[in-house]
Amino acid sequence: MLMYPIFITDDPDARVEIKSLPGQCRWGVNRLEEFLGPLVKKGLQSVILFGVPLKCVKDMGGTPADDPSGPVITAVKKLRSLFPDLYIACDVCLCEYTDHGHCGYLNADGTIDNAPSVVRIAEVAVNYAKAGAHCVAPSDMMDGRVKAIKRGLMDAGLGNKCTLMSYSAKFASSLYGPFRDAAGSAPSFGNRKCYQLPVAARGLARRAILRDMEEGADIIMVKPALPYLDIIADAGQLAANHPIACYQVSGEFAMVHAGAAAGVYDLKAMAFESVESMVRADRVNTCNYTLATRWRRLSVSIMPDLRLVVFTILAVITVSATLYSVIHDTYLDTSNPLLTHLPHPLSKTHYYANKANYLNVYFIKKAWAWTTGAFFFSWFTSPTSARSTSQVWKWVAQTVAWLIFTTWFFGPAILERFILVSGGECILALPGGAPLTVDDQYCLSKSQISASSHPDLFVASFAPPLDWRAIPRLRKGHDVSGHIFLLTMSTLFLADQLRYSLRLVNRPLLHNVALATIIALIGIWLFATYTTSLYFHSPFEKITGFEVEESAKIKKAERLRQSKQHTE
């Protein structure tokens, strides 16, 4: 996702060009619709706001920063009403609003007073969130500000409604000049190098990223971008479960323009190349004085979400194989008690139509065990910094879902309950093939029945041999395909884990083996989905097996979206 930085001034009707940022302006809130409307139509999804106070009285504590009538809070409310689907982030800092141009309170000797600065920064962030910002982004680099902001958001009831994007690795770069010109935020004395990272400090950057993760940052940012692609890659490895943002800062933007103006390269080609380099370093959200919005679409050739790719393949396989089974009559209706105990009519000529095939016996019936083994093989062989308990909790949730649907749910499993409410009966297949209906409890308890143990169930003339015994099964109702359900769940779960592994930089050799194992299993599960869809269950039972698992994932994703209130 590209995020467009917008400079908002306290002159509501302003449109002032910024000479050092070609094509960029300071905007008043009354001009935002004419400016952003065309860009939103072209695909702009997100902006980050920077206040530029020109008329207010600045002071040592940056009082105008969260003035309810100030530029940022006014702009947030305006944009929420104009563009309900636009994702709005707010830069949180005091430098534009202090009379000295530094990012916090100062001691008498001119050094930063960290403690009160953190309190003030958190206060401003919470007020932006209360105004309607979807995301707050502290750029001040005060130690402890992420924890203070997170606590402030939680205390205000906004902890799961406003994202915290931290400028975790912000370097003391020479590339900020045009921004300071645009925001009027150059310090009146000294510089900010004492609270930004030295340009060669890779280790400090890595520690800063880990610290912000521990303090509760939801998104990790690296700034600037192009000179620090190695740090972006590091961030992707250290924060494998966090979105990574990289800020293509004002100086980078100006360089791209200057080179194009000098005829060194094509402007459009270079703009996309610069963004692609960040994407290549790691999957990113990009803060960019974007050139791409000036053209037809906001798009870069970012690798599609692996989960969506696998989901699409699964859907195509299930639907196409099911259609083939209907057209060519290759499926066996396993809910029909007169047919279910018989061999598949094609079992002698089509290997995978035989239930005793190796794929069914050794893989499909043990699919979750194979999936579990591959997951933990991957998890334990991944770098320690990349391991996340959230991955384990996903496995726990999926395992519980599997048990609830197939084994037990305060009594019968959900799939068993579904058969019963759709007209199913407990059927015992007698030695000659004739079906005998018995009480449902025999199926639910999976009791073994014989003529000697349950003589009352059999009429004397139809009594089977005394040494015969069998377990009844639920038949006739809508028998949701448990195989399709399990294969879909296993495939998508492994695709999600594969997504984590592919993000890692310099993967250990053993983890590459685990990655190959996951890829192989995904291939096996896709093939198993094909054979099951081709030979077993009625069409509707296969489609519902696929849909039941997908519905569970969609509901889970919706709950996560509602709790986070932002998109990935």
* Per DSSP H run of at least 4 residues, take -39500 (n - 2.57); add these up for the chain, divide by its residues and hand me the 222 nm value, nearest 500 deg cm²/dmol. => -14500 deg cm²/dmol
* How far is it, in nm, from the label point at Asp85 to the one at Phe376 when both lie 7 Å from their Cα along the line to the Cβ? -> 4.4
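If Lys and Arg each add +1 and Asp and Glu each add -1, what is the summed charge of the other residues whose beta carbon sits under 10 Å from the beta carbon of Pro224?
+1
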* Asked: Quick one: length gained pulling Asp305 to Phe409 fully straight, 0.36 nm per residue minus the C-alpha distance?
  -> 34.1 nm
* Asked: Going through the DSSP H helices of the chain, which span 24 Å or more along their own axis at the Cα atoms while scoring at least 0.0 as a mean Kyte-Doolittle hydropathy?
  -> 114-131, 306-327, 389-406, 482-503, 509-535
* Förster-model FRET efficiency, 30 Å R0, His328 and Ala470, C-beta, rounded to 0.05 -> 0.40
* 12 Å Cα-Cα reach of Lys19 towards aspartates and glutamates, excluding residues that sit fewer than 8 places from it in its own chain -> Asp181
* Just subtract the alpha-carbon distance of Asp143 and Lys394 from 0.36 nm times their residue separation and send over the number in nm, one decimal. => 87.1 nm
* Asked: Sorted by mean Cβ packing within 10 Å, highest first, what order do the peptides 97-110, 132-145 take?
  -> 132-145, 97-110
* Asked: Among 24-30, 216-222, what's the highest-first ranking by average C-beta atoms within 10 angstrom per residue?
  -> 216-222, 24-30
* Which value in nm describes the separation of the simple spin-label points at Tyr265 and Val316, placed 7 Å from the Cα toward the beta carbon? -> 3.4
* Förster-model FRET efficiency, 56 Å R0, Asn30 and Glu214, C-beta, rounded to 0.05 -> 0.85
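The numbers here are math on the coordinates, done by the rules we state, and not lab data. Just so it is clear, the model here is predicted, and its values are computed rather than measured. So basically every Cβ, Gly included, is an ideal-geometry build from the backbone, and we count neighbours across all protein chains shown.
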